[in-house]
Amino acid sequence: TMPAANVTVKAVFERNSNGGGNSGGSGGGGGSSSGGGSSSGDNGSSGGGSTIVARPDETKPDTPTTSQTKPATPDKNGNVAVDNGTVQSAINTAKNDAKKNGNTANGVAVVIPVTPKEGQNSFNVTINAQTLNTLVREKVKRLEINIEGVVVGGMDTKLLKWLDTLSANGDVIFRVKKTDPSGLSKEAKAAIGTRPVYDLSLVYLSGGKETPITDFDGHTIAVRLPYAPAKDEKTGNLYAVYVDGKGKVEWLTKSSYDPDLGTVVFETGHFSIYGIGYKNPVPVFTDIKNHWAEDNIIFVASRGLLAGTGNNQFSPDTGMTRGMFVTALGRLAGIDQADYKTGKFTDVKADAYYAPYVNWAAEKGIVNGTTSTTFSPDTNITREQMAVIMAGYAKKLGYDLPVAHDAVTFADNAQISGWAAKEVKAMQQAGILAGKGGNRFDPKGTATRAEVATVLRRFVEIVIDPQTAQGWVQNHSGSWQYLKNGKPVTGWLQDDKKWYWLDSNGWMFAGGFKQIDGKWYYFYADGSMSVNTVIDGRKIGPDGAETKQN
């Protein structure tokens, strides 16, 4: 998720922090709920670099090495034939790159880019039997087909092997067709409006006959649909919606907008008609504007995972109780409350809103009671408890979490309880749970409602597509980093035609003037560098540097 543009900041002046600064610092002026000030770590990190201690035996990111095939161009009918030689070449390139980078243990991934001709809206991408055999034989970890932003991806080794077996040495054809939303049912048009909608299908050929693949036998495919939100649209309210054969609409709770790639991402166990919907939350919270977690709060509220606290308030910085937390997890899991009417805890009243969710979480072994007969539903959870519960939730529901980020040694690592250390590390490396300002994890601190909203959204995104763990990521003080292959980028970064400055620990500077290599630059509240303007009477040139005035 990219930094928001509508945050409040204090104008600050800072000299070049090339010399180092606060090791892993992430808050400084950026630690407030407004997201203001510098995000460089200590709000004045010039010179005097800190000592970096090597961390032995740390788990490394398990991201496969990716290679693209040469772009494929459809014929006039939108047909694309992916030949075996092209795919094998991409696999060999990825293997060689992995060997050079010492990453062979994580396998390889293949991306097949398709470049449409102008006006083409319907595509048939054929992977022949030999190519599918090669993908399986080479144990490709992930296959992705990218048709100018429409991505059919997340196809792992197990799914590819299943497709190979199902097709019985036949070709498989992925079909993507952009559809006119005016032809949809009334319900679908109300949900999607004029936003994009696509008809996705998958077939295999056997004996010259096409056989539709109506479901993926328990496997899932991640799909990305490109979309540029309207100015008045909050990305947390964007959904993927499924339209069935009768025109009925299902809003996919497990879908999210990824500004890094400009797509709505979701996973599905079958193909059909999918579009992009928008759902206005009720109520509109009056206490989250410009909060660092605003869009994440909108996300969970729109999906009914968390409700407000009354009077149009969300109370983002108050604590999250045990009862509220398991309720959100049960809603995310889509449980049937009627199946969990009774439980063993004497302090959980049967008519309490959280009762069925507590009973479910305890029965599934996701969370324990505070004693054998009590749950303490109104007690706030700590941040390390949140990590343990999230890890248990992922395990019990069968999610394999990625190791997407390098492990972080927090300044307060020694304060993390032994029973939580493994889970804290796993959640951090998965990209689900982050630290706070000053490179702290704050394990004994209360998990706030804003932090839980952020964790829930990150969990949804990560389990759909682990690639969402890369790019712009935000810690729990509102500061930003840009990660590539699990590591923070430092120095100058160009993204979406804008320039940003990230300090020696990868934290983005925002909201003020900063001196870099002897020149002064001004960075807006969203961290982007200003050009060709005048700020506080100081003229900024086309390269972003302050110009001397005569």
_Within the range 364-386, does at least one residue satisfy the condition of being crowded, with 19+ Cβ neighbours inside 10 Å, among the aromatic types (Phe, Trp, Tyr), more than 14 Å from Glu423 (Cα to Cα) and touching a helix residue (DSSP H, G or I) at 6+ places or on another chain (Cβ under 8 Å)?_
yes
*Consider Ser167 carefully, then state whether it is among the hydroxyl-bearing types (Ser, Thr, Tyr) and more than 30 Å from Leu401 (Cβ to Cβ).*
yes
*Of (1) assigned to a helix (DSSP H, G or I); (2) under 18 Å from Phe271 (Cα atoms); (3) of a type outside the set (Asp, Glu); (4) without any contact (Cβ under 8 Å) to a residue 12 or more places away in the chain, Leu159 satisfies all except one. Which?*
(4)
*Within the range 235-293, count every residue that is within 30 Å of Tyr482 (Cβ to Cβ) and of a type in the set (Gly, Ala, Ser).*
7
*From (1) out of contact with any Pro (no Cβ under 8 Å at 6 or more places or on another chain); (2) surrounded by fewer than 18 Cβ atoms within 10 Å (Cβ to Cβ); (3) not acidic (Asp, Glu); (4) not in a helix (DSSP H, G or I), pick out the condition that doesn't hold for Ile432.*
(2)
*Return a yes/no flag: does the range 310-330 have any residue that is at pLDDT below 95 and among the small types (Gly, Ala, Ser).*
yes
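Please enumerate the residues belonging to the range 107-136 that are small (Gly, Ala, Ser), surrounded by fewer than 19 Cβ atoms within 10 Å (Cβ to Cβ) and touching a residue at least 40 places away in the same chain (Cβ under 8 Å).
Selection gives Ser122, Ala129.
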*Which of the residues that make up the range 215-250 are within 30 Å of Gln130 (Cβ to Cβ) and either in a loop (DSSP other than H, G, I, E, B) or not basic (Lys, Arg) (or both)?*
Asp215, Phe216, Asp217, Gly218, His219, Thr220, Ile221, Ala222, Val223
*asked:* Take the residues in the range 195-214 that are over 25 Å from the mean Cα position of the chain (by Cα) and either aromatic (Phe, Trp, Tyr) or not in a strand (DSSP E or B) (or both); name whichever of them is surrounded by the most Cβ atoms within 10 Å (Cβ to Cβ).
replied: Tyr204
*Within the range 322-358, which residues are free of Cβ contacts under 8 Å to residues at least 24 places away in the same chain and within 22 Å of Arg303 (Cβ to Cβ)?*
Asp336, Gln337, Ala338, Asp339, Tyr340, Ala355
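The values are calculated or read from the model by the stated rules, or taken from the named source; none is laboratory data. Quick caveat: nothing in here was measured; it's all calculated off a predicted structure. Note that each Cβ is placed from the backbone with ideal geometry, even for glycine, and that neighbours are counted across all protein chains shown.
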